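K.L.:
Would you mind keeping the following structure in view while I ask a few things?
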Amino acid sequence: MTPPEPPGEIPDFLLEQFDDLSPETLRGVSDYALEETYVAPDGMPDAMSESFALQDDDTLEAIASYADSIAEFLDENEAESLVDLTGDQGGEEEAWGRKRILEWHE
């Protein structure tokens, strides 16, 4: 039960934003990336929709394909998001960073 591998064309800062999205939102992201709709789906991060204007057609197609494959994967596993399946929200890194900040301010 491993999620689909993201295509190399998708920038890292966009990949991070897929983790919390529901299958329904992911399908909307796909439609929006392919310009099948001009209204961003509810739940789509503003930073993601704004960044689409800066992406070329190949990247937008890769985003759409990846969003569809994640949505299908989530449906098959009856999950609401990748975080639900993996339980990973960057928690270790956040915990480490938070710990370091607290240490610096002691």
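The values are calculated or read from the model by the stated rules, or taken from the named source; none is laboratory data. What you are looking at is a predicted structure, and each value in this text was computed from that prediction instead of being measured. Here the Cβ positions follow ideal geometry from the backbone for every residue, glycine too, while neighbour counts run over all protein chains shown. Side chains included, ligands, DNA and RNA excluded: accessible areas come from the protein's heavy atoms. Shrake-Rupley method; radii C 1.70, N 1.55, O 1.52, S 1.80 Å.
K.L.:
At pLDDT below 90 and either touching a helix residue (DSSP H, G or I) at 6+ places or on another chain (Cβ under 9 Å) or among the small types (Gly, Ala, Ser) (or both): is that true of residue 55 in this structure?
P.N.:
no
K.L.:
Would you check if there is a residue in region 21-30 being touching a residue at least 40 places away in the same chain (Cβ under 8 Å), closer than 16 Å to residue 4 by Cβ, charged (D, E, K, R) and crowded, with 19+ Cβ neighbours inside 10 Å?
P.N.:
Yes, region 21-30 has at least one match.
K.L.:
So which residues in region 41-76 are loosely packed, with under 14 Cβ neighbours inside 10 Å, over 13 Å from residue 22 (Cβ atoms) and in contact (Cβ under 8 Å) with a residue 12 or more places away in the chain?
P.N.:
47, 58
K.L.:
Then there is this: Under 6 Å by Cβ, and 6 or more places apart or on different chains, what pairs join a residue from region 1-20 that is touching a residue at least 40 places away in the same chain (Cβ under 8 Å) and closer than 12 Å to residue 67 by Cβ with one that is open to solvent by less than 90 Å² (accessible area, probe 1.4 Å) and assigned to a loop (DSSP other than H, G, I, E, B)?
P.N.:
Close Cβ pairs satisfying both conditions: none exist.
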